[in-house]
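Chemist: What follows is a single structure, and I will ask about it in a moment.
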Amino acid sequence: MADEEVKLHGMWGSLFSKRVEMALKLKGVPYQYIEEDLTNKSPDLLKYNPIHKKVPVLIHRRNPIIESHVILEYIDETWKTGYPLLPEDPYERSMARFWARFVDEKCLPSAWKAACSEGEEREKFTEEVHGHLKMLEEQLRGKRFFGGDAVGFLDICASFVAYWILVKQEAAGAEFLTESKFPALWRWGEEFKGCAVIKETLPDRARLLASLKAYLEIMKAPK
Amino acid sequence: MAGGGEVKLLGLWASPYVMRVQIALSIKSVSHQVLEQNLEEKSQLLIQSNPVYKRVPVLIHGDNISICESPVIVQYIDEVWSSSGPAILPSDPYDRAIARFWAAYLNDKWAASLRAIAAADNEEAKEAAVEKAAEGLALLEGEFTRSSCGRHNGKGFFGGDCIGYLDIMLGCFLGWVRLIEKLDLVVLVDESTTPGLAGWAERFCSDPAVRDFMPETGKLAEYAKKFFPKYKNPKMLL
């Protein structure tokens with residue numbers, strides 16, 4: 001049924017876009033993937049996301065859904081009988097939502113600021129990153145995944161911490177997340193990346209590294 | 001836990017984010033205790049129950065549960081007290097996605113433009129902030145028209161016949177919107193620029209679940225003087 005067709009406008013390196021792919025794959029939902037060149041956005045992307053003009057955009061039943069967290073909840077609620085992304089219990093769901101927001105509002109910006117800065121400023125921002133990672137690590141509490149025994153909503157939303165942050169720190173020549181500093185988070189990251197669905201979805205490391213290095217050069221260049 | 005256990009709200013009468021929670025609790029008829037907070041001298045309870053952000057609102061449910069961040073709290077209330085009162089979030093997944101998208105837009109983009117008007121200390125900055133806020137309101141006017149078209153008189157709320165999630169996420173700012181319009185001599189929501197929202201705003205503010213929590217403009221003006229220096233000096237506004 002063409003109406004049930006699922007399309008995803010994404011970008012190969014975007015952690016937001018990859019979240020949606022992880023969710024669709026875990027749910028076993030087939031989809032058509034459309035790679036966007038963010039320097040030359042497709043007319044469809046601009047039509048479906050006129051406000052932010054960003055990826056990811058999910059199209060289902062000809063309706064666009066925007067914002068990765070919103071898309072993930074939509075996927076969970078629409079394909080209810082598949083793999084559960086969010087926990088059943090309202091309190092656990094609230095915790096998953098709260099910490100997912102925390103990753104985007106705190107961890108991502110602090111890591112960017114640290115990566116783009118130097119010297120004393122970088123030291124200050126790196127301390128912030130460490131503070132944020134420590135708070136997030138405490139949420140694991142001996143569990144295999146944030147979601148419990150299986151990968152869930154928060155694990156997917158925190159994939160930055162399992163993968164992108166490591167590539168970013170290498171690109172920037174910085175130290176954000178190490179096994180010695182954050183052993184529980186490190187272990188979680190390894191387990192998370194070891195899951196078949198996640199492994200096949202993560203972007204190529206060498207390509208991501210080159211792309212981040214190039215981006216940081218542009219950010220650091222004198223204006 | 002399904003609704004059992006004492007409910008406390010760490011709140012602040014002037015905060016739109018706290019108002020969201022109060023409206024939700026009111027819709028669901030959840031009896032609760034409000035502990036008014038002083039953000040200049042934060043209580044131990046606030047710091048302990050919201051160590052990450054140390055801000056209001058915080059919902060404390062029973063002995064062990066603290067929920068922070070207003071969109072998270074409102075969804076929690078909707079899910080725990082699902083059998084009491086009307087649903088806050090729509091039932092259809094796509095409608096829920098739309099409501100959540102706009103809530104994210106309000107929190108991540110629009111609220112800052114409103115604050116920027118209040119914080120603007122010169123005409124240029126004020127105009128730039130007003131333009132941004134007006135852009136957002138035009139988008140929401142469009143969304144209101146889209147969601148209310150097909151309803152018999154194009155009225156009601158974003159959520160339909162009753163107040164819903166998006167109504168709460170936007171409507172909580174109306175007290176500050178009215179104050180800023182009055183003190184900064186700007187027009188944000190009115191019949192000519194945003195006719196749909198103008199009617200919606202009146203219905204929202206007079207709804208039984210809302211009216212007790214909408215701050216009185218005079219009292220809010222006094223409060224605003226503490227955080228936005230220009231309001232202390234009326235001459236600055238002209």
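The values are calculated or read from the model by the stated rules, or taken from the named source; none is laboratory data. This structure is a prediction, so every number in the text was calculated from the model and none was measured. Reconstructed Cβ throughout: ideal geometry from the backbone, glycine too, with neighbour counts over all protein chains shown. Surface accessibility is based on the protein's heavy atoms, side chains included, excluding ligands, DNA and RNA. Shrake-Rupley method; radii C 1.70, N 1.55, O 1.52, S 1.80 Å.
Chemist: If the Cβ limit is 7 Å and pairs must be 6+ apart or interchain, which residue in segment A:197-223 that is more than 30 Å from A:Tyr83 (Cβ to Cβ) pairs with which residue that is open to solvent by less than 50 Å² (accessible area, probe 1.4 Å) and not in a helix (DSSP H, G or I)?
Modeler: From segment A:197-223, the pairs are A:Ser211/A:Gly13.
Chemist: So which residues in segment B:64-102 are of a type in the set (Gly, Ala, Ser), surrounded by 20 or more Cβ atoms within 10 Å (Cβ to Cβ) and more than 10 Å from every other protein chain (Cβ to nearest Cβ)?
Modeler: B:Ser70
Chemist: Could you list, in sequence order, the residues of segment B:16-36 that are touching a Lys or Arg at 6+ places or on another chain (Cβ under 9 Å) and of a type in the set (S, T, N, Q)? Quick ask: steps written out before the conclusion?
Modeler: Of the residues in segment B:16-36, the ones touching a Lys or Arg at 6+ places or on another chain (Cβ under 9 Å) are B:17, B:32-35.
If the condition is that a residue be touching a Lys or Arg at 6+ places or on another chain (Cβ under 9 Å) and of a type in the set (S, T, N, Q), then B:Gln33 is the only one that fits.
Chemist: Exactly one of (1) farther than 26 Å from A:Tyr74 by Cβ; (2) more than 9 Å from every other protein chain (Cβ to nearest Cβ); (3) in contact (Cβ under 8 Å) with a residue 24 or more places away in the chain is unmet by B:His61. Its number?
Modeler: (2)
Chemist: Continuing with this model, one more query. Within segment B:177-190, is there a residue that is within 15 Å of the chain's Cα centre (by Cα) and either of a type in the set (Phe, Trp, Tyr) or open to solvent by 60 Å² or more (accessible area, probe 1.4 Å) (or both)?
Modeler: yes
Chemist: Something else about it: What number of residues within segment B:11-56 satisfy the criterion of being hydroxyl-bearing (Ser, Thr, Tyr), away from chain A (no Cβ under 14 Å) and farther than 18 Å from B:Met214 by Cα? Can you show your working first?
Modeler: Narrowing segment B:11-56 to residues hydroxyl-bearing (Ser, Thr, Tyr): B:15, B:17, B:26, B:29, B:31, B:43, B:49, B:53.
Those left that are additionally away from chain A (no Cβ under 14 Å): B:15, B:26, B:29, B:31, B:43.
Then keep just the ones that are farther than 18 Å from B:Met214 by Cα; that gives B:31, B:43.
Selection size over segment B:11-56: 2.
Chemist: Just for segment A:133-169: of the residues that are crowded, with 16+ Cβ neighbours inside 10 Å and among the charged types (D, E, K, R), which one is nearest to A:His69 (Cα to Cα)?
Modeler: So, considering only residues that are crowded, with 16+ Cβ neighbours inside 10 Å and among the charged types (D, E, K, R), the one nearest to A:His69 (Cα to Cα) is A:Asp155.
Chemist: Against the definition (open to solvent by 20 Å² or more (accessible area, probe 1.4 Å), within 14 Å of chain A (Cβ to nearest Cβ) and touching a Leu at 6+ places or on another chain (Cβ under 8 Å)), how does B:Lys8 come out, yes or no? Walk me through how you get there before you give the answer.
Modeler: Values: open to solvent by 20 Å² or more (accessible area, probe 1.4 Å): yes; within 14 Å of chain A (Cβ to nearest Cβ): no; touching a Leu at 6+ places or on another chain (Cβ under 8 Å): yes.
Spelling it out, it is not the case that B:Lys8 is open to solvent by 20 Å² or more (accessible area, probe 1.4 Å), within 14 Å of chain A (Cβ to nearest Cβ) and touching a Leu at 6+ places or on another chain (Cβ under 8 Å).
Chemist: Would you point out which residue out of B:Ala134, B:Ala119, B:Ala138 is under 19 Å from B:Tyr17 (Cα atoms), within 21 Å of the chain's Cα centre (by Cα) and open to solvent by 40 Å² or more (accessible area, probe 1.4 Å)?
Modeler: Working: B:Ala134 fails: under 19 Å from B:Tyr17 (Cα atoms); B:Ala138 fails: under 19 Å from B:Tyr17 (Cα atoms).
Step by step, each of B:Ala134, B:Ala119, B:Ala138 is checked, and only B:Ala119 is under 19 Å from B:Tyr17 (Cα atoms), within 21 Å of the chain's Cα centre (by Cα) and open to solvent by 40 Å² or more (accessible area, probe 1.4 Å).
Chemist: How many residues are in contact (Cβ under 8 Å) with a residue 40 or more places away in the chain, surrounded by fewer than 18 Cβ atoms within 10 Å (Cβ to Cβ) and either closer than 16 Å to B:Cys68 by Cα or of a type in the set (Val, Ile, Thr) (or both) when one looks only at segment B:13-58?
Modeler: Residues meeting the conditions: 0.
Chemist: Ok, one more. Which is touching a residue at least 24 places away in the same chain (Cβ under 8 Å), within 14 Å of chain A (Cβ to nearest Cβ) and of a type in the set (A, V, I, L, M), of B:Leu140, B:Leu174? Give the derivation first.
Modeler: On the way: B:Leu174 fails: within 14 Å of chain A (Cβ to nearest Cβ).
None of the others qualify; the one that does is B:Leu140.
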